[in-house]
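Quick notes on the structure that follows.
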Amino acid sequence: MSKIIASAAIRGAHKIAKQAEDILTKAIKEKGEDCKVEFPNTGYHMPIIYSMTARPVEKLADFKEVLQEIKGLLPPPVDDDLWLPYLGQALNAGMATLFAEEIIEACKYLIGPNPVDGIWLGAADDIILRERGIQFVDGTAPGFAAIVGAAPDVETAVNIARKLQERYLYVFMSAHNNGTTFAEQLIEGGVQLGWETRLVPFGREITSAIYALGFASRAALSFGGVQAGDFRRNLLYNKNRIFAFVMAMGEVTDEWYATAAGAINYGFPVIADSDIPEILPTGVCTYEHVVSNIPYDQIVEKAIEVRGLKIKITEIPIPVSVSPAFEGERIRKEEMHCEFGGQRTPAFEWLRMRDISEVEDASVEVKGADVDSLEVGGKMPLGIIVEVAGRKMQPDFEPVLERHIHTFMNEAQGLWHMGQRDINWIRISKDAAKAGFKLEHIGKLLHAKLHDEYSSILDKVQVKIFTDQKQVEELRKQALAIFAERDTRLAGMQDEDVETFYSCTLCQSFAPNHVCVVSPERPGLCGAYSWLDCRAAFEITPSGPNQPISKGNCIETTIGQWDKVNAFVLKTSGGNVERMSQYSMITDPMTSCGCFECIAAVLPSTGGIMIVNREFPEMTPCGMKFSTLAGTVGGGQQTPGFIGHSKHYINSRKFIAAEGGIKRIVWMPTILKEEIKDAIAERVKEIGLTPEEFLAKIADETSAVTEEEVLEFITKNEHLVTTLEPMF
Ligand code: SF4
Ligand code: ZN
């Protein structure tokens, strides 16, 4: 943080802390230590103090401890020349400021001046929080602009407020600039204020800014499932889910700096009209922390850009809400109206590029019966073909867009999606069905979302949905041929040929610590993302979930560890995964989310491994069915001895190379054998076998169900694993 800002923030924090101490002394003198303190009709006590420290302030005396906490957080006062290299001190000062401001405002409710006065509303009560806070979660309100100070004139104030309203943002107002306030300017301009118009005047002093940040904290506690005291998650929730920023208008005082430093803790950046020092490098906030000197006619656009806010003006014409907030929602069997795929019915999803003349934008065709023909708990086949066209579209982008069908569908409330390609699995909830959700809505959703996110490459999108069993099976064959073609595009390319791998963190909505590291010889474990796909995805969305990782120095060749890959994984796994091997399932294996096509598991007594694919529902020699195994392996943990992986990875020269590769496989289901037979031909030639000979040495469900039977089988058939070193 710039030293000027840091020292100003620290100075301001000291001033506000002093103010808090004074007013608290006064309040205790007038009302006594046992006097109850609260923001009227609100839960969560003093919401910032409570959410950050779990301290439930109930009476004035409780504030004394908070004052101690504030003193602990406050860095010593500094003068302007002192060099402060770290953001940390100013951030602590900012948090201390917010605690102190809560003390001040709460005392004002007791001894005056009452924060609720004329146009000023003070704390939002719980009814408002419920009504309005949910809008931040379901996406009807993307966030809020906390305006501090006043515009240079009434007209500018009105223009800025209108622009923010048009973007569905709430405008929270506090503080005055030389006596003038933004709220009073709006009133003068004939603008109606209040929660209904989303223009909310909190108070004339900077301390009333805590009503905005307190609102954000309460939203995290009540809608984000964040526990009191879990300040890290509270701040992350706000950074990631509540798109808020501070717009500072007018002379920035020390107290403003201090309060702004508090807001930066939440990941809310500061946009200023005045010439204050900028803090551009990113860290706590999504993008910059402080940008200044912005002309008034650009300030709203700038704020939206800096906060990384994407506002969806278009309503998606389907009967359920669509928001990233629903992405992690599950639909259990009891809540389900019907389902598709998931090995219960044939299903697939396939996105392909067409000539622009062949696509009629927004057309959605449903061929076959619809969901209203099903009883509760029913199932039917489902084929989804999305056809896209655009001047910038390339065939290489097909798999990238296709993989997003997963995310898009999960964003609809009451719709659940798992898997990809021909192993997808979809559920529609009872509530969604009751609301009138039909298959055409899947098409409308995909059309809207694809346009929304990929307008830079797509001009037209049409969707065809099939439910007739024969037709679905027929079309699925075509899709499978294309998937196979995609998988072979990388043939011949080796990990050693490239300096850069790619990450995929698309599945972090389900498995927050999971990162797929995708290299030419190891595709993403869902099987839908190859190295080429990740490269294309990065080209389309440079700030998206697929980032280039320069390998750096090799730490260990056999297991495949590089220093920069490890550093990347550590950072993107939220500090949970320190080391990750690209080629080992024993030493620091890659984590698994839940989308893997296959699971490989060590069968200790055989010295080998078994592989089971998602389509195989029966018992396996490790004593677990696929579904149970998936629960053990998934969720973003490293589980030595187990990995989730794609089918294509089995044919890779780097398939568990550290453990001896395909020679380790002692068991897999017949359907998987059948599926990989042709693709594996080249690999097994290297070990001097034909695919038939190779596969015949591997046990399957017809020859072995238990680990002992596998051991018997491989001993009898002189399996190659017997020539390898033990695994451990
Ligand atoms: Fe990306 Fe891996 Fe999820 Fe596939 S499984 S979408 S590669 S994170
Ligand atoms: Zn996944």
Can you tell me which residues in segment 144-172 are open to solvent by less than 60 Å² (accessible area, probe 1.4 Å) and either over 28 Å from the mean Cα position of the chain (by Cα) or more than 24 Å from Ile242 (Cβ to Cβ) (or both)?
-> Val148, Gly149, Ala150, Ala151, Val154, Thr156, Ala157, Val158, Ile160, Ala161
Check on Val366, assigned by TED's automatic domain parsing to the domain that holds Asp452, part of a loop (DSSP other than H, G, I, E, B), under 32 Å from the mean Cα position of the chain (by Cα) and of a type outside the set (S, T, N, Q) | no
For segment 674-704, enumerate the residues that are at pLDDT 95 or above, open to solvent by 30 Å² or more (accessible area, probe 1.4 Å) and either closer than 22 Å to Lys625 by Cα or outside the structural domain of Thr620 (by TED's automatic domain parsing) (or both).
-> Glu701, Thr702, Ser703
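Could you please find all residues in segment 31-49 being under 21 Å from Thr207 (Cα atoms) and either assigned to a helix (DSSP H, G or I) or open to solvent by 80 Å² or more (accessible area, probe 1.4 Å) (or both)?
The initial filter retains those residues of segment 31-49 that are under 21 Å from Thr207 (Cα atoms), namely 36-49.
Lys36, Glu38, Asn41, Pro47, Ile48, Ile49 - these are the residues of segment 31-49 that are under 21 Å from Thr207 (Cα atoms) and either assigned to a helix (DSSP H, G or I) or open to solvent by 80 Å² or more (accessible area, probe 1.4 Å) (or both).
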Just checking, how many residues over segment 178-197 are assigned to a loop (DSSP other than H, G, I, E, B) and over 14 Å from Trp120 (Cα atoms)?
-> 5
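Counting only residues that are away from ligand 2 (no atom under 16 Å from the Cβ), of a type in the set (Gly, Ala, Ser) and within 10 Å of Phe642 (Cα to Cα), which one in segment 585-614 is surrounded by the most Cβ atoms within 10 Å (Cβ to Cβ)?
Kept after step one, since they are away from ligand 2 (no atom under 16 Å from the Cβ), are these residues of segment 585-614: 585-588, 600-612.
Adding the requirement that they be of a type in the set (Gly, Ala, Ser) leaves 600-601, 605, 607-608.
So of that shortlist, the ones also within 10 Å of Phe642 (Cα to Cα) come out as 600-601.
Details: Ala600: 26, Ala601: 23.
Among those residues, the one meeting the criterion is Ala600.
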Scan segment 557-572 and give yes if some residue there is free of Cβ contacts under 8 Å to residues at least 12 places away in the same chain and either under 30 Å from Glu712 (Cα atoms) or within 16 Å of ligand 2 (Cβ to nearest atom) (or both), otherwise no.
-> no
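Just need a number here: residues in segment 695-725 that are assigned to a helix (DSSP H, G or I), of a type in the set (Asp, Glu) and out of contact with any strand residue (DSSP E or B) (no Cβ under 6 Å at 6 or more places or on another chain).
Applying the first criterion (assigned to a helix (DSSP H, G or I)) to segment 695-725 yields 695-696, 707-716, 720-723.
Of the ones still in play, those that are also of a type in the set (Asp, Glu) are 707-709, 712.
Still in the running and out of contact with any strand residue (DSSP E or B) (no Cβ under 6 Å at 6 or more places or on another chain): 708-709, 712.
The qualifying residues number 3.
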Residues being away from ligand 2 (no atom under 12 Å from the Cβ) and either assigned to a loop (DSSP other than H, G, I, E, B) or closer than 16 Å to Glu597 by Cα (or both): count how many of those fall in segment 494-508.
-> 3
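Name the residues in segment 586-601 that are within 16 Å of ligand 1 (Cβ to nearest atom) and assigned to a loop (DSSP other than H, G, I, E, B), would you? Full working, then the answer.
Residues of segment 586-601 within 16 Å of ligand 1 (Cβ to nearest atom): 589-600.
If the condition is that a residue be within 16 Å of ligand 1 (Cβ to nearest atom) and assigned to a loop (DSSP other than H, G, I, E, B), then Pro589, Met590, Thr591, Ser592, Cys593, Gly594, Cys595, Phe596, Glu597 are the ones that fit.
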Some residue of segment 589-609 being free of Cβ contacts under 8 Å to residues at least 12 places away in the same chain and charged (D, E, K, R) | no
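Can you tell me which residue in segment 499-508 is farthest from ligand 1 (Cβ to nearest atom), limited to those that are buried (at least 17 other Cβ atoms within 10 Å of the Cβ) and at pLDDT 90 or above? Even if it seems obvious, please write down each step before you answer.
Looking only at segment 499-508, we keep the residues that are buried (at least 17 other Cβ atoms within 10 Å of the Cβ), and these are 501-508.
If we keep only those that are at pLDDT 90 or above as well, we get 501-505.
On the way: Phe501: 12, Tyr502: 9, Ser503: 8, Cys504: 3, Thr505: 6 Å.
Restricting to residues being buried (at least 17 other Cβ atoms within 10 Å of the Cβ) and at pLDDT 90 or above, the top hit is Phe501.
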Selection within segment 305-327 - modelled with pLDDT of 75 or more and in contact with an Asp or Glu (Cβ under 6 Å, 6 or more places away or on another chain) = Ser321, Val322
Among the residues of segment 559-584, write down those that are hydrophobic (A, V, I, L, M, F, W, C) and open to solvent by 10 Å² or more (accessible area, probe 1.4 Å).
-> Ile559, Trp562, Ala567, Phe568, Leu570
Taking segment 621-634 and keeping only residues that are open to solvent by less than 40 Å² (accessible area, probe 1.4 Å) and free of Cβ contacts under 8 Å to residues at least 60 places away in the same chain, one is left with Phe626, Leu629, Ala630, Val633
Tell me, yes or no, whether segment 672-679 has at least one residue that is without any contact (Cβ under 8 Å) to a residue 40 or more places away in the chain and touching a Pro at 6+ places or on another chain (Cβ under 6 Å).
-> yes
Condition broken by Ala93, with the remaining ones in (1) more than 22 Å from Ala183 (Cα to Cα); (2) part of a helix (DSSP H, G or I); (3) open to solvent by 10 Å² or more (accessible area, probe 1.4 Å); (4) in contact (Cβ under 8 Å) with a residue 24 or more places away in the chain satisfied = (3)
Test Arg489 against the stated conditions and say whether it is of a type in the set (Lys, Arg), within 16 Å of ligand 2 (Cβ to nearest atom) and in contact (Cβ under 8 Å) with a residue 12 or more places away in the chain.
-> no
Residue by residue through segment 105-131, note down the ones that are part of a helix (DSSP H, G or I) and surrounded by fewer than 24 Cβ atoms within 10 Å (Cβ to Cβ).
-> Lys108, Tyr109, Leu110, Ile111, Asp126, Ile127, Ile128, Leu129, Arg130, Glu131
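The values are calculated or read from the model by the stated rules, or taken from the named source; none is laboratory data. These numbers were taken from a predicted model, which means no experiment stands behind them. FYI the Cβ positions are ideal-geometry reconstructions off the backbone, even for glycines, and counts take in every protein chain you see. The area values use the complete protein model at the heavy-atom level, side chains included, leaving out ligands, DNA and RNA. Shrake-Rupley method; radii C 1.70, N 1.55, O 1.52, S 1.80 Å.
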